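Q: The structure's right below; bear with me while I get my questions together.
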Amino acid sequence: MLSNRINPIKTSLLLTTALTAISLLGTKSLQAQGTLAPKKEVPVTAPLALTAKTDQPTYKADSAIKFILTVKNTIQQDLPVRFNSGQRYDFELFRGKTAKGEKVWQWAKGRMFTMMLSSTALKPGKPLEYSETYRPGSNGMPALTPGFYTVVATLKGVTKTTPPISLPSSTATFQVK
C-alpha cells in the first residue's frame, strides 16, 4: 500500500531547486526585457575600523620602523572575529606611495602558524593593537633606499556579520631619507 505522506527532505530540495531556477531565469529574462534594473551593489558599513600607522613619518635609512595595526569595534555590541589559523595579522611593505609598488617585505613570509580555528570578541570601542618592528638589514629585512614606502596592515580574521567581512586592511605611507 502506498503511503500518502510526503518526504519533507525531498520536497524541500525540489522546492529550493525550482525556486532557484525560476529566480535565475526570471531575473535574466526581465533584465533582458528592460523591465528589471540590474542589481546594484550595496556598500557595507564595516563594524571594524582599522588603522595602520608608523611611529614616525620620516626615518633614516638604517632606523628601525615600528608598524602598528589598530583594530576597533565600531558597533555597540561585542563583535566576534574568527581566525582560521594562529596568524592574527600581517604587515606588507611596498616601495612607493601606494601598495601597487614593488613588495619589499612581508612579516608573515617564511613564518609558520598553528592550524587551529579560534575567535575573539572585540568589545565596543576597545581597540586591539598589533605591532612589529622592521629593522633594515637584519633577519631578512632588506635595507631601505631613500624614498616613500607604504605599509599594508591586514587583520587575518573574518567577522561573524552578515555579510561577513574578510581580511580587512589599512595602509600608511612614510618616507626614508
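Please treat every number below as a calculation from the coordinates, not as lab data. Just so it is clear, the structure is predicted and the values come from calculations on it, not from any experiment. Quick reminder, even Gly has a Cβ in these numbers, built from the backbone with ideal geometry, and neighbours come from all protein chains shown.
Q: About the Cα centre, and with charges only on the beta carbon of Lys, Arg (+1) and Asp, Glu (-1), how big is the dipole of the range 48-176? Nearest 20 debye, please. Spell out each step's value before the answer.
A: On the way: 17 positive and 8 negative charges, 26 e Å.
About 120 debye.
Q: So, in Å, what gap is there between the alpha-carbon centers of the range 72-86 and the range 121-171?
A: Each part reduced to its Cα centre gives a spacing of 15 Å.
Q: Still on this structure: Quick one: which residues, 5+ away or cross-chain, put their amide H under 5 Å from the amide H of D55? H built at 1.01 Å from N.
A: The answer is K66.
Q: Return the subset of K109/K156; K97/K126; K72/K103; K72/K156; K72/K123; K109/K160 for which the Cα-Cα distance in this structure is over 18 Å, preserving the input order. Present the calculation step by step, with values, prior to reporting the outcome.
A: On the way: K109/K156 14 Å; K97/K126 30 Å; K72/K103 27 Å; K72/K156 14 Å; K72/K123 8 Å; K109/K160 27 Å.
Flagged as over cut-off: K97/K126; K72/K103; K109/K160.
Q: Grab the beta carbon distance between Q106 and Q77, set R0 = 30 Å, and tell me the FRET efficiency rounded to 0.05. Working shown, then result.
A: Working: r = 34 Å, r/R0 = 1.12.
So, using R0 = 30 Å, E works out to roughly 0.35.
Q: Can you tell me which of 134-142, 91-99 comes out highest on packing, and rank the rest after it, using the mean Cβ neighbours within 10 Å?
A: Working: 134-142: 13.0, 91-99: 17.6.
Most protected by this proxy first, the peptides run 91-99, 134-142.
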